[in-house]
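J.: There's a structure below that I have some questions on.
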Amino acid sequence: MLSVVMPVFNGEKFLKMAIESILNQTYTDFELVIINDGSTDKSAEIINSYQDKRIHFLENDGNKGIFYTRNRLFEEAQGKYIAILDCDDYAEPTRLEKQVHFLDKNNEFGLVGSWITLIDDENRIKGAWQLEHRPEQIPAKLLFFNQFAQSSVMIRKEFADLKYREEYPPTEDYDLWVRIAHKTRVTNLAESLVKYRIHDQNISQTQKEKADRHVLKIYKNQLEELGIYANQDELILHKKIGNMDFKQNNESFFEKVKNWLELLNSKNEKIEVYNKIVFNNLLGEFWAELLSKNIELSITKKAFQNSILSSYLNSTKKNNLSKSFRLRSFPFNYTIKPALNVIKKLQDWKRKK
């Protein structure tokens, strides 16, 4: 049996759609565990209106918060697998069937998510997240950004024992996926199996400052696995790298990013927390972006030629960067500049005459 878990707090607007998206699944051997976290709207009334025996409805003693509720859901779940769906999202009809099939056939995987479609309050499609689906890539990418949408995740019951940690709200899901990925293989199915709602009440929208702060803590934990004990400025720099935010275009920033990428490389070369080929290719992607956004600095400092990071660039990016460097440096410095100087001198001479 499978357990689907759904926390609810004042979710009346979208709750019916979320519940029915589970009840109408092609896979039917499940329990739907719903915990009402002290809602003051009609959420409880909506849940009680269903007579489906697969629904297991519980209520907290007052409003305990999302952290408490999610962990209680894990404790109450009786299934071999646990699928998560928040009360404002929607599961496509084949979601459970496809994820159960994957876990049944791949015992080495403890977590599977999927791509998601973004919708607004009116159920209009606003975009999509095609999250990393190559399992060998995900652990390294988790060092820089979350790779899973919570409402798309299904995990084996034993990994629920790791639980959400209270000190990371509202990024406790990212922290949990990182810790699960340290113990088992994880992946996403390369198709959209969930519609994720973007609206003003999203936790990630209303608590952005807190989320940013706790993401840095999650980075810090992972970096310590590499033997890197980062300070606050270094963690902020690491976040900028993950976001490929390289537009500062000053020498100091350029050097800091270059040195940080080289440090990540050297540490992982020694203890291989992450697959070396995968990790170095990822560093190469960041390096290529930094060089392309800072062409003049790259030329002046001869960074392209002098850093080991350049050996991790794929051939296409390496060729494109080489062309950019040649076009920017040779014609301008050795052809156009001297010609402009001659013209300027001629104009000055004419004015004097």
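The values are calculated or read from the model by the stated rules, or taken from the named source; none is laboratory data. These numbers were taken from a predicted model, which means no experiment stands behind them. A quick note on method: Cβ atoms are made from the backbone with ideal geometry, for glycine too, and the neighbour counts reach across all protein chains shown. Areas reflect the complete protein model, heavy atoms only, side chains present, ligands, DNA and RNA absent. Shrake-Rupley method; radii C 1.70, N 1.55, O 1.52, S 1.80 Å.
J.: Can you tell me the 0 to 90 degree angle between the C-alpha axis of helix 95-105 and the longest principal axis of the chain, rounded to 10?
T.: Between helix and principal axis, roughly 80 degrees.
J.: Now, a different point. Can you give the angle from 0 to 90° between the axis of helix 251-271 and the longest principal axis of the chain, with both taken from C-alpha atoms, to the nearest 10?
T.: On a 0 to 90 degree scale, this one is about 60.
J.: Can you compute the helix-only [θ] at 222 nm over the chain? Use -39500 (n - 2.57) per DSSP H run of at least 4 residues, normalise by all residues, nearest 500 deg cm²/dmol. If you can, show how the numbers build up before the last one.
T.: Values: 15 runs with 170 residues, N = 353.
Rounded to the nearest 500, the figure is -14500 deg cm²/dmol.
J.: Run the 1.4 Å probe and let me know the accessible area of Glu108, rounded to the nearest 10 Å².
T.: Its heavy atoms expose roughly 90 Å² to the probe.
J.: Could you do me a favour and compute the accessible area per residue for the chain, 1.4 Å probe, result in Å²?
T.: 51
J.: If you don't mind, another one. Restricting to bridges with both residues inside the range 21-154, how much of the DSSP beta-bridge set is antiparallel, in percent to the nearest 5? Could you put the intermediate results ahead of the total?
T.: Details: 6 of 11 bridges.
If I count the DSSP bridges inside the range 21-154, around 55 percent turn out antiparallel.
J.: Right, something else. Assuming a ≥ b ≥ c are the square roots of the Cα gyration tensor eigenvalues, decide whether the range 1-131 counts as rounded (a/c under 1.5), prolate (otherwise, with a/b larger than b/c) or oblate.
T.: Values: a/c = 1.63, a/b = 1.23, b/c = 1.32.
In terms of gyration-tensor shape, oblate.
J.: On a 28 Å Cα-Cα criterion, which of the cross-link pairs Lys195/Lys276; Lys163/Lys217; Lys247/Lys318; Lys13/Lys105; Lys220/Lys258; Lys183/Lys256 come out too long?
T.: Where the Cα-Cα span goes over 28 Å, the pairs concerned are Lys195/Lys276; Lys13/Lys105; Lys183/Lys256.
J.: Which shape class, rounded, prolate or oblate, goes with the range 56-128 when its Cα gyration tensor gives a ≥ b ≥ c as root eigenvalues, a/c under 1.5 marks rounded, and past that a/b bigger than b/c marks prolate?
T.: Values: a/c = 2.32, a/b = 1.06, b/c = 2.18.
Taking the square roots of the gyration eigenvalues as a ≥ b ≥ c, the range 56-128 is oblate.
J.: Run through every distinct alpha carbon pair of the range 46-200 and return the Kirkwood hydrodynamic radius in angstroms, one decimal place. Intermediate values should be presented prior to the final figure.
T.: Working: mean 1/r = 0.0609 Å⁻¹.
Value: 16.4 Å, from the Cα pair sum.
J.: Tell me the label only: which of (i) 25.3; (ii) 23.0; (iii) 19.1 is Kirkwood radius over Cα pairs in Å as calculated from this structure?
T.: For Kirkwood radius over Cα pairs in Å, the calculated option is (ii).
J.: What angle do you read, to the nearest 10 degrees and between 0 and 90, between the alpha-carbon axis of helix 315-331 and the longest principal axis of the chain?
T.: 30
J.: Gln232 to Thr26: FRET efficiency via 1/(1 + (r/R0)^6), r the Cβ-Cβ distance, R0 41 Å, to the nearest 0.05?
T.: On the way: r = 49 Å, r/R0 = 1.18.
Working from the Cβ atoms, E equals 0.25.
J.: State the antiparallel share, in %, of DSSP beta bridges confined to the chain, rounding to the nearest 5. If you can, show how the numbers build up before the last one.
T.: Details: 11 of 37 bridges.
Antiparallel bridges: around 30 percent, rounded to the nearest 5.
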